[in-house]
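Quick notes on the structure that follows.
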Amino acid sequence: MPKKKRKPKAVNVPPAQPTTHVTEHQKEEIREIVAEQLRRKCEALRLYEPLPFQERYHSSGAKEVLIQAGNQVGKSLAAFVEDARAATGQDPHGKYPKEDGILVCLGMDEGHIGRTIHKYLFRAGAFRIIRDHKTGEWRSWKPWIEEDWARKDEAKPAPPLIPNRFIKKFAWKKRAQHVFEICELHNGWTIYAMGSKGDPAQGFQADLVHIDEDLEKPEWYDEMIARLTMREGLLRWSALPHSKNDALVNLVERAEDESKDKNPS
């Protein structure tokens, strides 16, 4: 009898894998995306950790708030963090519009705008950061903690409170001295920097007015309150204890009178 033919064994052939080719342009785009993610992860407002007195300032919904303290204790930092949170739409307490708002930063004079207002908002170093030993991530440097103080040489300036990615354009008065008049952001917010030596500015509305330190002319205070009315804006004042202009003294007295009220203004 003839032998039966054996059936050929089935061989499983894996399907052909599609070939992928990543161009150099695509690689560069991926690198840029990763770098941008890392930059945003280390932005100053993400790393800022308020102390209890700073958090009370940030969380207050009162119409007017004064933060008064000595030098180098975090008064100005809290005040300008509040400004940056508002202008970039990142206020965790939801006190300001996310877009198309108006912030007025009011100082004594042009020198104050360049040395303080521009420095805090747009330049690195409003506070210092350090890599956490356990997580390896950047965080606020806390010099009052012994371990952090021992590593003070490892701390570095935090990035600007308002990163470049938010900035659309500046209108400068004296660019070399960092004296700006207007800064427009991509989210529609506008920041005005003003000095109080001239007559009070008029003809605008505001969502937030920040008075930093003293006023040359106390009548600026009344004018700023009027500018806030239409937009139901808020006034914030950061000052040293020895500041004694009439507007500030009156604000302190009103705060003391309302200290027992359930919802002080």
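The values are calculated or read from the model by the stated rules, or taken from the named source; none is laboratory data. Quick caveat, the model's predicted, so the values are computed rather than measured. Here the Cβ positions follow ideal geometry from the backbone for every residue, glycine too, while neighbour counts run over all protein chains shown. Quick note on the areas: whole protein, heavy atoms, side chains included, nothing else; ligands and nucleic acids left out. Shrake-Rupley method; radii C 1.70, N 1.55, O 1.52, S 1.80 Å.
Values as computed for the structure displayed
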| item | result |
| --- | --- |
| Selected residue (only one of D153, D83, D91 is without any contact (Cβ under 8 Å) to a residue 60 or more places away in the chain, open to solvent by less than 60 Å² (accessible area, probe 1.4 Å) and outside any strand (DSSP E or B)) | D91 |
| Extreme residue, farthest from E232 (Cα to Cα), among residues of region 205-216 that are open to solvent by less than 30 Å² (accessible area, probe 1.4 Å) and in a loop (DSSP other than H, G, I, E, B) | L215 |
| Residues that are modelled with pLDDT of 90 or more, touching a helix residue (DSSP H, G or I) at 6+ places or on another chain (Cβ under 9 Å), part of a helix (DSSP H, G or I) and basic (K, R), drawn from region 23-70 | R46 |
| Residue in region 206-248 that is farthest from S76 (Cα to Cα), counting only those that are under 25 Å from the mean Cα position of the chain (by Cα) and polar (S, T, N, Q) | T229 |
| Residue selected from region 189-204 under the condition over 10 Å from L106 (Cβ atoms) and part of a strand (DSSP E or B), by the criterion most open to solvent (accessible area, probe 1.4 Å) | T190 |
| Residue satisfying condition, being surrounded by fewer than 15 Cβ atoms within 10 Å (Cβ to Cβ), closer than 24 Å to A84 by Cβ and not acidic (D, E), within set R227, R165 | R165 |
| Cβ-Cβ under 7 Å pairs, at least 6 apart or on other chains, region 225-245 side closer than 20 Å to A206 by Cβ, far side among the basic types (K, R) | L234/K63; L234/K95; L235/K63; S238/K75 |
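So that you can scan it fast, the table gives a plain yes or no per residue for (1) at positive phi; (2) without any contact (Cβ under 8 Å) to a residue 12 or more places away in the chain; (3) open to solvent by less than 60 Å² (accessible area, probe 1.4 Å); (4) assigned to a strand (DSSP E or B):
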| residue | (1), (2), (3), (4) |
| --- | --- |
| I130 | no, no, yes, yes |
| G136 | yes, yes, yes, no |
| R139 | no, no, yes, yes |
| F180 | no, no, yes, yes |
| N187 | no, no, yes, no |
